[in-house]
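Contents: one structure, followed by commentary.
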Amino acid sequence: MELVFNSVSLITSLVIWRRSVRQSINPSCLPLPPGPRRLSFISNVLNTDAARPWPTYSAWAETYDGIVYSSTFSQHIIIVSSF
């Protein structure tokens with residue numbers, strides 16, 4: 001019985017945590033523009049070159065029609081491009 005209670009508590013905590021994380025990323029709950037798939041904590045750090053990010057941003061703009069959402073650690077970026 002204790003195992004069931006612990007499992008239910010854990011699942012409930014994870015659901016609440018997941019919803020709070022989503023609220024902190026997008027508090028207005030409006031849809032974000034499309035963008036490349038993010039890895040959990042590091043987000044899009046591995047997808048961009050820190051010294052020259054604009055070639056990557058240009059490629060994303062062509063792929064996602066000019067407006068792209070990206071994030072790096074806790075920094076959220078919306079890239080608007082006219083190509």
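The residue that is modelled with the highest pLDDT, among those in the range 1-30 that are more than 14 Å from residue 76 (Cβ to Cβ) and outside any helix (DSSP H, G or I), is 1.
Pairs meeting the criteria (first residue in the range 57-75 and at positive phi and assigned by TED's automatic domain parsing to the domain that holds residue 47, second residue hydroxyl-bearing (Ser, Thr, Tyr) and in a strand (DSSP E or B), beta carbons under 7 Å, at least 6 apart or on different chains) are 73/43.
When residues in the range 58-77 are screened for being surrounded by fewer than 16 Cβ atoms within 10 Å (Cβ to Cβ) and either under 13 Å from residue 34 (Cα atoms) or of a type outside the set (A, V, I, L, M) (or both), 11 of them pass.
The values are calculated or read from the model by the stated rules, or taken from the named source; none is laboratory data. All values derive from a computational prediction rather than experimental measurement. Quick reminder, even Gly has a Cβ in these numbers, built from the backbone with ideal geometry, and neighbours come from all protein chains shown.
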